[in-house]
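Peer 1: Handing you this structure, nothing more for now.
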Amino acid sequence: MKLTFIGRQMTVGEDQKVLAAKKLAKLDKFFGPDGEATVTFRYKKDKEIIEITIPYGGVLFRSEEEDATFQNALDSALDTLTRQIRKNKTRLEKRLREGAFPEGEAAEEEEETFFDIRTKTFPAKPMSVDEAILQMNLLEHQFFAFSNAEDDNRTCVVYRRKDGAYGLLIPE
């Protein structure tokens, strides 16, 4: 697997790169040598945060974990990624490399083959991003889809981030 290391407001040490490469080698059985992973290291107050992103076969695998040390955060992030892959095994088998899941391997968290989807409709009047954030807060939702009056009435999504800030998703 090809690895890219990024340090946000820090320099990633060679020992951190070697440790991450060694641990991420466990994911080679799913992605093979042509997989690419981006590993981002950063600090936040007294926590060390690691983020692993792996785009593969049109699917984006991502895990962000914080802990007292990068090594513990890396272990947690790898567990999360492995759990995501195993949980979605049946849908991912077609996209991951051949032989990623050996025959007869029992998944710890086998999923159902269908989703229980609840459908909602809502009026999509054109509004600004600020109006959409206000509406989202009034509804006490984590995200809000709207028709963006400032961007050719494209359907966009505003959302509340973990750090309390807001995000905006704009389709290309």
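The values are calculated or read from the model by the stated rules, or taken from the named source; none is laboratory data. Remember, it's a predicted structure, so these values are computed and weren't measured experimentally. For neighbour counting, all protein chains shown are included, and Cβ atoms are generated from backbone atoms with ideal geometry for every residue, glycine included.
Peer 1: Being at pLDDT 65 or above and under 24 Å from Glu64 (Cα atoms) is true for just one of Val129, Val158. Which residue is that?
Peer 2: Val158
Peer 1: Determine whether Leu134 is surrounded by 13 or more Cβ atoms within 10 Å (Cβ to Cβ) and of a type in the set (A, V, I, L, M).
Peer 2: Taking the combined requirement at face value, the residue satisfies it.
Peer 1: Sticking with this one: Based on this model, can you work out whether Thr155 counts as over 30 Å from Lys45 (Cβ atoms), polar (S, T, N, Q) and in a strand (DSSP E or B)? Break it down into steps so the answer makes sense when it comes.
Peer 2: Values: over 30 Å from Lys45 (Cβ atoms): yes; polar (S, T, N, Q): yes; in a strand (DSSP E or B): yes.
So Thr155 passes the test.
Peer 1: Could you list all residues from region 30-54 that are surrounded by 14 or more Cβ atoms within 10 Å (Cβ to Cβ) and either among the β-branched types (Val, Ile, Thr) or out of contact with any helix residue (DSSP H, G or I) (no Cβ under 9 Å at 6 or more places or on another chain) (or both)?
Peer 2: Scanning region 30-54 gives Phe31, Gly32, Thr38, Val39, Thr40, Arg42, Tyr43, Ile49, Ile50, Ile52, Thr53, Ile54.
Peer 1: Something else about it: Under 7 Å between Cβ atoms, at least 6 apart or on separate chains: pull out the pairs that start in region 49-61 with a residue that is in the same structural domain as Gly7 (by TED's automatic domain parsing) and farther than 17 Å from Ile6 by Cβ and end on any residue that is surrounded by fewer than 13 Cβ atoms within 10 Å (Cβ to Cβ) and at pLDDT below 90.
Peer 2: Filtered contacts from region 49-61: Gly57/Arg95; Gly58/Arg95; Val59/Arg95.
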